[in-house]
1. Can you pull out the trypsin sites (Lys or Arg not before Pro) in region 178-242 that DSSP calls coil and that have at most 15 other Cβ atoms within 10 Å?
2. Return the inverse of the average 1/r over all pairs of distinct C-alpha atoms in the chain, which is the Kirkwood hydrodynamic radius, in Å to one decimal.
3. In the chain, with Lys and Arg counted as +1 and Asp and Glu as -1 at Cβ, which of these residues, Gly252, Cys188, Ala145, has the Cα nearest the positive end of the dipole, that is, farthest along it?
4. Would you work out which of Ala265, His224, Gln31 lies farthest towards the positive end of the dipole of the chain? Charges go on Cβ: Lys and Arg +1, Asp and Glu -1.
5. Run a plain Debye calculation on region 70-184 (Cα atoms as equal point scatterers, no solvent) and give log10 I(q)/I(0) at q = 0.13, 0.14 Å⁻¹, rounded to two decimals, same order as the q list.
6. Farthest toward the dipole's positive end in the chain, which of Val237, Ser99, Thr288, given Cβ charges of +1 (Lys, Arg) and -1 (Asp, Glu) about the Cα centre?
7. About its Cα centre, how strong a charge dipole does region 179-240 have in debye, to the nearest 20, once Lys and Arg get +1 and Asp and Glu get -1 at the Cβ?
8. Would you mind classifying region 197-278 by shape? Square roots of the alpha carbon gyration tensor eigenvalues, ordered a ≥ b ≥ c; an a/c under 1.5 is rounded, otherwise it is prolate if a/b is larger than b/c and oblate if not.
Amino acid sequence: MSSPGGAGGGTVRFRLGVAYDGTGFRGWTRQPGLRTVQGVLEDALLTLLRRHPPAPSLVVAGRTDAGVHAVGQACHVDLTVEQLAALGRERRRRAAESSAELLRARLNGILGLSSDVVVTSAVEAPAGFDARFGAVWRRYEYRIADAEALHDPLQRHRTVAHAGRLDVDLMNSAARGMLGLHDFAAYCKPRAEATTIRTLQDYTWERDADGVLVARVRADAFCHSMVRSLVGAAVAVGEGKLPPERPGELLGAGARSTEFVVLPAKGLTLMEVGYPRDSELAARSEQTRARRQAGEGGTAAVVGGSGVR
């Protein structure tokens, strides 16, 4: 049996939806001696399949930084035929609906009822699915409680407090000036041989029912600290420290800007990852992977932000 996700080698691919409170994690990516989302989930997989090596590893749509939350993270895992058969035997004993549903239930059981990371969904992946390279957009939200908003202590771990009042109209004006395909080097933490070309598809600000300012930001991909930098630039405009046109003028500057502050991670949540229709998944993955390799090799510009984060 080969993977419906295209992994091959007698494996079957599953797509997982994941939510987590990032407060207690040092980001997504497994790191020696540190608690990370990937590390906790892969340890749960190892526990579940300890009698059926090798230990599975996860591939994620977007590697969130320390303190960043998620309600709509996407990842995939490839299980061997032996591992799938073991799940199948347990599924029949437990009368579970499917191996995917059993995988979700067992992982959450190992994580515990009070876990700060939860597997929200699990399905057998369609042909060509790749959580990382197949995504066409990622959508984030950022929350700020300024002087006009209710400062709810129950929301303090996912909302940044701001002492003054922010002008949402000026912030939206600044956000509109950054939309489209640009070099976002001014808004990204530099990484060797990594592209900073991205397509910012949507960026808006509004106040919710409690007066909290909520930014909604969507792009084909994001480079390191890009969302928190975009938010920081808009906040500088909302405070009156920068004119509304200045964030747009910084695009294409080619170097990280010091004209605004990068905001804290705790206000940021990954909301959703978008994928094309099933029939287009394989082509999308191949296209994105090829562009990323070209960009990292320094031989070609990566149009549309194919460097994936």
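Where a number appears in this text, it was derived from the coordinates with a stated rule and is not lab data. Please read these numbers as outputs of a predicted model, since none were measured by experiment. Cβ: placed from backbone, ideal geometry, glycine included. Neighbour counts: every protein chain shown.
1. Arg191, Lys241
2. 20.5 Å
3. The residue sitting farthest along the positive end of the dipole is Cys188.
4. My answer, from the dipole projection, is Gln31.
5. Computed log10 I(q)/I(0) values: -0.80, -0.85.
6. Farthest towards the positive pole: Ser99.
7. 180 debye
8. On the way: a/c = 1.89, a/b = 1.18, b/c = 1.60.
Note, shape of region 197-278 comes out oblate.
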